[in-house]
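The structure under discussion appears below in the form of structure tokens.
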Ligand SMILES: NC(=O)c1ccc[n+]([C@@H]2O[C@H](COP(=O)([O-])OP(=O)(O)OC[C@H]3O[C@@H](n4cnc5c(N)ncnc54)[C@H](OP(=O)(O)O)[C@@H]3O)[C@@H](O)[C@H]2O)c1
């Protein structure tokens, strides 16, 4: 090859290499989004596809959502908007959290099409009973500035549960709620409800995390084809969950965080989890659980962490 041809070949190759780098960067940014810098932590904001579960009435629900307990005012509004922007579609609130208005404002701020969201709220104990439940529901809708709810739960099995359930069944049949369910019901309380229910609950939302794995309730709910949903999937970090030695070892093995390992564990069990965070870095981190898999040894180790008791004794 002449020296001129050699030069041409080198510049052609270098052009192709540079183009390939740009193309790769383009694909990376297109597919995975811009890496963002939060404090001194770089987070890849990936395009997330959250798998759905199909509830027993045919309605689909994302298996991972965003919890809002303890968030209020501006922080709540901003966190909800950020969560939606990061890719969450399932939002969990409740009348008793006192933040339904802020959640509603966060939804509006996000600009998302309402139909793309799955919004859950809960009937509080003070509103138990047929008449009160109907009023409680209307108040929830008004505060959230929504026309319908995707899921409405009896928050706790207290008061006139039968009356509450009848009201919720009617609202469901009228199309004001796409699915109805329960929260904090044990198997005996569930049986009582099933003895008179015309509409079977789609979900039971209960405390579930590595320290309280709820293996019995998990089995019972499966038998009834009722989806289990985990509240406090991190036990709110109680009992050192985020720094737990076993979870840390598993996290290091997969290049993930203990939060991500916890959420992946719920996901692999087929349990819907609704982690809460007020920090964008965590909001994004908690979605990034679909690119690794816990193996059977990891699962066995996590099973050893079960203390089989609540980490929230003040709520029982
Ligand atoms: N049905 C019921 O009776 C019931 C009861 C309790 C809760 N819930 C629902 O379940 C949702 C979740 O439960 P929860 O809010 O009690 O607790 P949680 O989700 O187990 O834990 C929330 C805590 O974890 C921290 N956190 C989140 N992501 C993190 C990460 N990647 N790394 C380190 N820390 C992280 C948060 O702090 P930062 O803000 O600093 O990230 C916050 O302090 C609630 O928000 C609510 O919607 C329902």
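The values are calculated or read from the model by the stated rules, or taken from the named source; none is laboratory data. Computed from a prediction, not measured in an experiment: that's the story for all the values here. All Cβ positions, glycine included, derive from the backbone under ideal geometry; neighbour counts span all protein chains shown.
Of all residue pairs spaced 6 or more apart or on separate chains, those with beta-carbon atoms under 7 Å, a first member in the stretch 47-68 that is within 18 Å of residue 234 (Cα to Cα) and a second member that is more than 15 Å from the ligand (Cβ to nearest atom) and assigned to a loop (DSSP other than H, G, I, E, B) are 63/50; 63/51; 64/50. Has the stretch 186-202 got any residue that is within 24 Å of residue 98 (Cβ to Cβ) and buried (at least 19 other Cβ atoms within 10 Å of the Cβ)? The answer is no; no qualifying residue exists.
The set of residues in the stretch 32-84 that are at pLDDT below 95, within 14 Å of the ligand (Cβ to nearest atom) and surrounded by fewer than 17 Cβ atoms within 10 Å (Cβ to Cβ) comprises 38, 39, 41.
Could you tell me whether the stretch 273-280 includes any residue that is more than 18 Å from residue 232 (Cβ to Cβ) and either in contact with a strand residue (DSSP E or B) (Cβ under 8 Å, 6 or more places away or on another chain) or near the ligand (Cβ under 8 Å from one of its atoms) (or both)? Please lay out each step first, then the result.
We begin by selecting, within the stretch 273-280, every residue more than 18 Å from residue 232 (Cβ to Cβ); these are 280.
Now narrow it down to the ones that are either in contact with a strand residue (DSSP E or B) (Cβ under 8 Å, 6 or more places away or on another chain) or near the ligand (Cβ under 8 Å from one of its atoms) (or both): 280.
For the stretch 273-280, residues more than 18 Å from residue 232 (Cβ to Cβ) and either in contact with a strand residue (DSSP E or B) (Cβ under 8 Å, 6 or more places away or on another chain) or near the ligand (Cβ under 8 Å from one of its atoms) (or both): present.
From the list 163, 159, 136, the lone residue that is more than 20 Å from the chain's Cα centre (by Cα) and on the phi > 0 side of the Ramachandran plot is 159. Does the stretch 244-256 include one or more residues that are closer than 23 Å to residue 205 by Cα and either surrounded by fewer than 18 Cβ atoms within 10 Å (Cβ to Cβ) or away from the ligand (no atom under 14 Å from the Cβ) (or both)? No, the stretch 244-256 contains no residue that is closer than 23 Å to residue 205 by Cα and either surrounded by fewer than 18 Cβ atoms within 10 Å (Cβ to Cβ) or away from the ligand (no atom under 14 Å from the Cβ) (or both).
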